[in-house]
Structure formats: C-alpha cells, structure tokens
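A.B. asks: Below you will find the structure I want to go over with you.
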Amino acid sequence: MMHLPGLNLLERAALWVLVRSPRTSLVAVKELHWPTVFVAANPADPVAAHVTCGEPEPASMTLERLYHLPSHGEEE
C-alpha cells in the first residue's frame, strides 16, 4: 500500500481494514490520474484467484461473472 501516494491517511486506514477483513476476498484500488492499480485477493476464493491469476479475459466478462454471483448468505 506504500505505492499509493495519492491516498490520505483515512483512505489508507480503510484500505488496511478491508484487506485484512476475513469477509473481503478481493480489493482493487486505482487512484485518479495515476496508472498504478493495487489489488489484494484471497487465494481461497476461486473467483478472486481467477481475477488475479487466471487467464486474461475482457474486463466486461469478469464483471459479468461477479454480477451473477450470489450475495453473502443468499442461496444459489
């Protein structure tokens, strides 16, 4: 997280909490007007692992897959 120079202290703290939360499996942050993208993924989650390590696919397909996943606690 040290390579995100445009984040203020509150944003860095929020990112720190999100990355370490057991209920969060994928966090992606891109600062406005910066080319750097920070991505943290839980390797135990197959979708998050696919997003970070899987074969490249169009971003629209990844978003479509994430959109159709059931919500937390929702039956499939």
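A.B. asks: Tally Lys and Arg at +1 and Asp and Glu at -1 over the other residues with C-beta under 14 Å from the C-beta of A40: what net charge comes out? Intermediate values should be presented prior to the final figure.
C.D. replies: On the way: positive: R12, R20, R23, K30; negative: D45.
Within the 14 Å Cβ shell, the charges total +3.
A.B. asks: Looking at [x] 123; [y] 96; [z] 84, which value of volume of the Cα convex hull per residue in Å³ comes from a calculation on the structure shown?
C.D. replies: [x]
A.B. asks: Right, another one. For every helix of n ≥ 4 consecutive DSSP H residues, a contribution of -39,500 (n - 2.57) applies; sum these over the chain, divide by its total residues, and give [θ] at 222 nm rounded to the nearest 500 deg cm²/dmol.
C.D. replies: That comes out to -11500 deg cm²/dmol.
A.B. asks: When Lys and Arg each count +1 and Asp and Glu each count -1, what net charge do the other residues less than 15 Å away from L7, Cβ to Cβ, add up to? List each step's numbers first, then the result.
C.D. replies: Working: positive: R12, K30; negative: E11, E31.
Combined, the nearby Lys, Arg, Asp and Glu give 0.
A.B. asks: Give me the one-decimal nm value for the distance between modelled label points at A59 and V39, 7 Å along each residue's Cα-to-Cβ direction.
C.D. replies: Label-label distance for A59 and V39, simple model: 1.1 nm.
A.B. asks: Next question, about the same structure. Please identify, among R20, R65, R12, the residue showing maximal mean-square fluctuation in a Gaussian network model of the chain using a 10 angstrom Cα cutoff.
C.D. replies: Maximum fluctuation in the GNM of the chain, among the listed residues, is at R65.
A.B. asks: Using the crude model of +1 on Lys and Arg Cβ and -1 on Asp and Glu Cβ, and no other charge, please compute the dipole size for the chain relative to its Cα centre, in debye to 20. Mind dumping the intermediate values first?
C.D. replies: Values: 5 positive and 9 negative charges, 87 e Å.
Computed charge dipole of the chain: roughly 420 debye.
A.B. asks: Near S25, within a Cβ-to-Cβ distance under 14 Å, what is the net charge of the other residues, with Lys and Arg +1 and Asp and Glu -1? Please report the intermediate quantities before stating the final value.
C.D. replies: On the way: positive: R20, R23, R65; negative: D45.
Result for the neighbourhood of S25: +2.
Bear in mind that the values in this text are calculations on the coordinates, not laboratory data. A quick note: this is a predicted structure, and the numbers were derived from the prediction, not measured. Please note: Cβ atoms are built from the backbone with ideal geometry, for glycine as well, and neighbour counts cover all protein chains shown.
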